[in-house]
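The values are calculated or read from the model by the stated rules, or taken from the named source; none is laboratory data. What you are looking at is a predicted structure, and each value in this text was computed from that prediction instead of being measured. All Cβ positions, even for glycine, are placed from backbone atoms using ideal geometry, and neighbour counts span all protein chains on display.
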Amino acid sequence: MKLIKLLLLIDGNNANKEMINKNKLILGVSSIWISTLLLDCYKKELYLLTLNLGLLTIISPMFWYKYKFNGILHKLDKNLAILCFLYINYYWYFYVYSYFYYYIFNKIIVLVFFILSYKYHNNKNYNYQLYFHLLFRYFFYLLIYNIINENKNKLILVSFNYFLSNIYMIITINNNNYNLKKYLLYCFHVLFSCIIINKK
């Protein structure tokens, strides 16, 4: 029951909790990797999923830059992610059920990393919160990717660039060099990388 509440409801106890600038920038910029899924979704005629992921690509970076727990952008970001999760569950059940054990295992990993990210956010251990949230996103990405695309070369390319980009930001960014100009610079760099990957 507590898990369902955690996933579906907004936690009022965290309303006033702040996030360190470094994490806001990294989590906002890393949201843009979702855009590598849009073309494949569209080609597969998964229009609702394309719309959902397109909105997440826009709203998630906006939320992390203007971080406000329980704010409108946070609720939109969280609810769009939940809708995406429900949609891929529905799609998997009817179309790709042959990969049952792999899919269940991947879902469990997604939930574990989400819960760990949430736990460390509550404890204000922002380093671990950042790492687990990035891993949660990556395995969520895998859930969607393995439904819509069988090209493992592209997945390897996205995975390599995702981790390289985030490790670079973790090493180089600090809390003092956080501003809109820098944020947009990193965002456009990742977006450009996503466009290049989609053309391969």
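Here are a few things to note about the model shown:
- Near pairs, Cβ below 7 angstrom, 6+ apart or cross-chain, from the range 24-39 (among the aliphatic types (A, V, I, L, M)) to any residue that is at pLDDT below 95 and not in a helix (DSSP H, G or I): Leu25/Ile173; Leu25/Tyr178; Ile26/Ile173
- The set of residues from the range 140-195 being surrounded by fewer than 17 Cβ atoms within 10 Å (Cβ to Cβ), more than 14 Å from the chain's Cα centre (by Cα) and among the polar types (S, T, N, Q) comprises Asn151, Asn153, Thr172, Asn174, Asn175, Asn176, Asn177, Asn179.
- Cβ separations smaller than 7 Å between residues 6+ apart or across chains give the following pairs from the range 134-155 residues that are at pLDDT below 90 to residues that are hydroxyl-bearing (Ser, Thr, Tyr): Ile147/Tyr91.
- Residue in the range 63-70 that is in a helix (DSSP H, G or I), over 30 Å from Ile171 (Cα atoms) and without any contact (Cβ under 8 Å) to a residue 40 or more places away in the chain present: no
- The set of residues in the range 28-52 being farther than 22 Å from Ile196 by Cβ and modelled with pLDDT of 95 or more consists of Leu51, Asn52.
- Tally, over the range 63-77, of residues that are surrounded by 15 or more Cβ atoms within 10 Å (Cβ to Cβ) and under 21 Å from Leu184 (Cβ atoms): 8
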